[in-house]
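Data first, discussion second: the structure below is written as C-alpha cells.
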Amino acid sequence: MEQRESSAQLWAAIRRLEEPFRIALVLADIEELDYDTIAAIEGVAAGTVKSRVSRARSRLYAMLSPEKVSTESQTPGTPVASVSSNPKTGGMS
C-alpha cells in the first residue's frame, strides 16, 4: 500500500512540473529514450534536453522531500523511477 501511495505522489509531482521539464523527464526516465532522440522529438539541442531533465529531477526531489533535501545529497544521474523504487529490485514495481 505504501508503494502505491509513493507512486501516486511521484506522478502528482511529475504532473506539477512545467511541460518542457515534464516531457523531457518522462521521455528520459520513464520511456528510457536517449537525449539525442528526445532532442529530435522536441526540436531542441541535446544539451537543452539534458538541462531540462536535470532541472526536472531537482524539482521533483524538492517537491517530494519533506525536509527539502538538496540535490547534492542525491546520487547524480539517478533516474526518476528510482524515487519510488523497490529497494530490493532497484526498479519500479
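Since every read-out is calculated from the coordinates, none of them should be taken as a lab result. Not measured: the values here are computed from a predicted model. Cβ atoms come from the backbone with ideal geometry, glycine included; neighbour counts cover every protein chain shown.
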- prompt: Can you give the charge dipole size of region 1-42 about its Cα centre, rounded to the nearest 20 debye, using +1 on the beta carbon of Lys and Arg and -1 on the beta carbon of Asp and Glu?
  reply: 280 debye
task: Starting at the first residue of region 39-50, write each ³J(HN,Hα) from the Karplus equation 6.51 cos²θ - 1.76 cosθ + 1.60 with θ = phi - 60°, in whole Hz, x for Gly and Pro.
output: 4, 5, 5, 8, x, 10, 6, 4, x, 5, 4, 4
- prompt: Across bins of 5 angstrom width beginning at 0, how are the C-alpha pair distances of region 2-72 distributed, in whole percent?
  reply: 3, 18, 26, 23, 16, 9, 4, 1
